[in-house]
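Comments concern the structure below.
Read-outs throughout are calculated quantities, based only on the coordinates presented, and are distinct from any laboratory measurement. What you see is a predicted model, and the numbers here were worked out from it, not measured in a lab. All Cβ positions, glycine included, derive from the backbone under ideal geometry; neighbour counts span all protein chains shown.
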Amino acid sequence: MLDTLTVDHWRECLGQVFQTGFGSAGTLDLRLTTVTPLGAASGYRRQAYSLLFAGPLTPLLPQAIYPLQNESLGELGIFLVPLGPSGQAMRYEAIFT
């Protein structure tokens, strides 16, 4: 399903919460805060884009693929990279090409 999602699908989810499991410690809520197109759209592939999520400062999720569960999109395995804190939130990025 990830290969069919576009910037527009994700824009509809802005502000929504995605839950992820992180081992035996339970679940963590990440809010989709930003959807950014990257580069120009091409005729044969979808446009590349970046997603930014905000979560609690702790626990810190290391760079990895996480199952993100959302009411609108269901469960998706997404590679998240921690970017560091911003205020009272930890930022995570996912890039799709």
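What to note about this one:
- Relative contact order (percent, whole number), the chain, Cα cutoff 8 Å, 6+ residue spacing: 25
- Amide H contacts under 5 Å for Ala48: Leu38, restricted to partners 5 or more places along the chain or on a different chain, H placed in the peptide plane at 1.01 Å from N.
- Gln16/Ser50 FRET efficiency (R0 22 Å; Cβ-Cβ; nearest 0.05): 0.85
- Couplings 3J(HN,Hα) of the stretch 91-97, computed from phi: 9, 10, 10, 10, 10, 10, 10 Hz, in residue order, whole Hz [Karplus 6.51 cos²θ - 1.76 cosθ + 1.60, θ = phi - 60°; x for Gly and Pro].
- Coupling constants for the stretch 54-67 follow from the phi torsions by the Karplus curve (6.51 cos²θ - 1.76 cosθ + 1.60, θ = phi - 60°), and in residue order they are 10, x, x, 5, 9, x, 7, 7, x, 4, 5, 8, 10, x Hz; glycine and proline get x.
- Here's how it looks for Met90: its modeled amide H is under 5 Å from those of Gly55, Leu57, which are all 5 or more places away or on a different chain.
- Extension gain, Thr36 to Ala64: 0.36 nm times the residue separation minus the Cα-Cα distance gives 8.0 nm.
- Alpha-carbon Rg with Dmax, taken over the chain, Å: 13.3, 44
- Other-chain or far-sequence residues with amide H under 5 Å of Tyr66's (modelled H): Ile78, Phe79, Leu80
- Note, ³J(HN,Hα) from phi for the stretch 72-86, Karplus 6.51, -1.76, 1.60, rounded to Hz, x at Gly and Pro: 7, 10, x, 9, 9, x, 10, 7, 10, 10, x, 9, x, x, 9
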